[in-house]
Amino acid sequence: EVQKHSVHTLVFRSLKRTHDMFVADNAKPIPLDEESHKVKMAVKLRTEYGSVLHMPTLKENLREKGGPNTGDPYGHKQYSGNQGQELEYMITGTHPYPPGPGVALTADTKVQRMPSESAAQSLAVALPASQSRMDANRTAAGVGDIYRHAGISERSQPPGMSAAMVEAGGNKNTALMAKKAPTMPKPQWHPPWKLYRVISGHLGWVRCIAVEPGNQWFVTGSADRTIKIWDLASGKLKLSLTGHISTVRGVIVSARSPYLFSCGEDKQVKCWDLEYNKVIRHYHGHLSAVYGLDLHPTIDVLVTCSRDSTARIWDVRTKASVHTLSGHTNAVATVKCQAAEPQIITGSHDTTIRLWDLVAGKTRVTLTNHKKSVRAVVLHPRHYTFASGSPDNIKQWKFPDGNFIQNLSGHNAIINTLAVNSDGVLVSGADNGTMHLWDWRTGYNFQRVHAAVQPGSLDSESGIFACVFDQSESRLLTAEADKTIKVYKEDDTATEETHPVSWKPEIIKRKRF
């Protein structure tokens with residue numbers, strides 16, 4: 001009696017039989033047919049390397065290698081440019097055998113061999129200094145290049161190799177040089193920063209901080225609705241200013257007049273005269289909380305940014321709104337001004353950064369590389385560059401067009417603030433109370449700080465809302481969620497021997513966007 005099986009079982013048995021039948025030669029390559037291989041290579045030569053077949057090899061090189069090759073294995077004719085002339089040059093193709101120009105095709109050289117590394121690098125093509133030859137050389141791969149990569153379908157330079165164009169006399173030589181993998185340059189050594197003073201006095205989160213141009217005092221704004229002015233040297237409270245009816249989110253001191261500007265979640269922008277300690281001007285126009293402000297360095301213009309998705313430009317003296325910069329689709333978290341174009345830079349919760357034309361009041365460039373809210377932007381004091389901070393990355397950019405430079409990865413938190421000094425120390429402060437210090441040029445993170453909260457505060461009240469260097473750049477001040485201002489300074493006792501850079505020149509696999 002024949003046992004009945006399901007269709008499923010029968011199919012799998014059939015599959016197994018088929019597999020067993022062919023498994024013996026499963027991994028064997030198909031034997032090479034000489035004729036078809038020659039035809040294939042001849043077609044490949046014409047279609048893919050037609051542009052470089054005219055490129056000659058100098059007679060001197062042929063003498064070194066041996067006599068001229070008498071036969072072409074693929075039956076190519078000489079090009080008409082060489083007819084009627086003394087046979088000084090030989091047309092060389094891209095096939096891997098014979099192994100070089102001028103080698104006779106014997107039983108031994110018929111074996112398919114790739115040239116050695118040194119042989120490939122020594123194959124250089126010297127061209128007569130005619131413009132047509134030079135033009136052809138600019139767009140075509142070198143003969144050595146072709147020999148090295150024979151049989152590989154390619155329309156561009158092979159990875160890891162670069163053709164170096166060397167001008168000597170009237171000739172151009174194309175030599176193959178191995179390109180090094182990109183490595184991170186060695187960062188500049190910076191001494192570590194240490195906490196040396198904690199200043200308390202505010203009754204709420206300290207949201208903003210600014211140092212006056214004379215470096216005698218600094219000013220802070222807080223969620224307790226007050227603005228306090230502190231002596232920088234001693235840390236003692238000099239003055240408290242009241243007038244805001246909600247959290248103070250931004251303060252800045254003018255270098256051109258004895259004025260202090262402040263803004264807050266009460267939609268108000270105020271100008272304080274520090275000779276009388278009174279508000280002398282209000283700037284009305286924002287429809288929601290004002291998150292930040294900055295003064296133009298050379299003209300009497302104030303720029304503010306708000307939760308109403310706009311930034312506004314104000315004439316300091318007349319209180320007039322010169323421009324309303326609209327274009328962001330969510331709250332504008334930060335704004336910065338500079339004398340050079342673009343004069344205004346904004347970062348927003350819509351994840352974009354915009355570079356603005358101050359005169360026209362329009363966007364010049366929109367940078368969309370960030371994936372999350374951009375809460376902080378900082379301009380380098382010496383270089384024509386800036387950085388932006390977001391929970392996904394800190395990114396560096398080049399003015400004026402906002403060309404991307406590099407990512408500074410590793411500060412995995414909500415970055416509220418960035419500061420940079422002339423020495424190239426970039427500081428990022430985050431919502432979880434961590435502060436990272438970076439070398440600006442290389443993006444190397446040379447120090448991480450997480451200061452303890454003020455006694456009596458919860459650990460969850462660890463958060464940095466703002467940070468700034470003083471005018472001498474020897475002190476770093478942070479405004480924190482535990483209601484304190486912390487002051488850091490460089491460790492004078494540290495040396496490169498005691499605090500070496502733990503840096504390895506590893507190959508960078510840097511995410512570009």
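The values are calculated or read from the model by the stated rules, or taken from the named source; none is laboratory data. No experiment lies behind these values; they were computed from the predicted model shown. When we count neighbours, we look across all protein chains shown, and the Cβ atoms used for this are built from the backbone with ideal geometry, even at glycine. With ligands, DNA and RNA removed, areas are computed over all heavy atoms of the protein, side chains included. Shrake-Rupley method; radii C 1.70, N 1.55, O 1.52, S 1.80 Å.
Its Cα centre serving as origin, region 193-490 has a Cβ charge dipole (Lys and Arg +1, Asp and Glu -1) of approximately 160 debye. Close amide H partners of residue 385, meaning residues 5 or more places away or on another chain with modelled amide H under 5 Å apart, are 380, 399.
From most to least packed by mean Cβ count within 10 Å, the peptides 444-453, 373-382, 29-38 give 373-382, 444-453, 29-38. Summary value for region 193-490: 14 percent relative contact order, contacts being C-alpha pairs under 8 angstrom separated by 6+ residues. With the charge dipole of region 193-490 set up from +1 on Lys and Arg Cβ and -1 on Asp and Glu Cβ about the Cα centre, the Cα lying farthest toward the positive end among the listed residues 196, 419, 211 is that of 211. Neighbours of residue 316 by Cβ distance under 15 Å: Lys/Arg scored +1, Asp/Glu scored -1, total +2. Here region 180-265 exposes an accessible surface that is 52 percent carbon and sulfur, computed with a 1.4 Å probe and the other protein chains kept in place. Taking amide H as placed 1.01 Å from N in the peptide plane, residue 238 has its amide H under 5 Å from the amide H of 229, 230, 231, each at least 5 places away in sequence or on another chain.
When each of the peptides 400-410, 261-271 is scored by how many other beta carbons lie within 10 Å of its residues on average, the order from highest to lowest is 261-271, 400-410.
If packing is taken as the average count of other Cβ atoms within 10 Å, what order do 299-307, 237-245, 12-20 fall into, highest mean first?
Put in order of decreasing packing, that is 299-307, 237-245, 12-20.
Only protein atoms count toward the accessible area here, which uses a 1.4 Å probe; on region 316-369, the carbon and sulfur part of that area reaches 48 percent. Here the 3J(HN,Hα) profile of region 439-449, calculated from phi with Karplus coefficients 6.51, -1.76 and 1.60 at θ = phi - 60°, is 7, 4, 5, 9, x, 7, 8, 8, 7, 10, 10 Hz, Gly and Pro shown as x.
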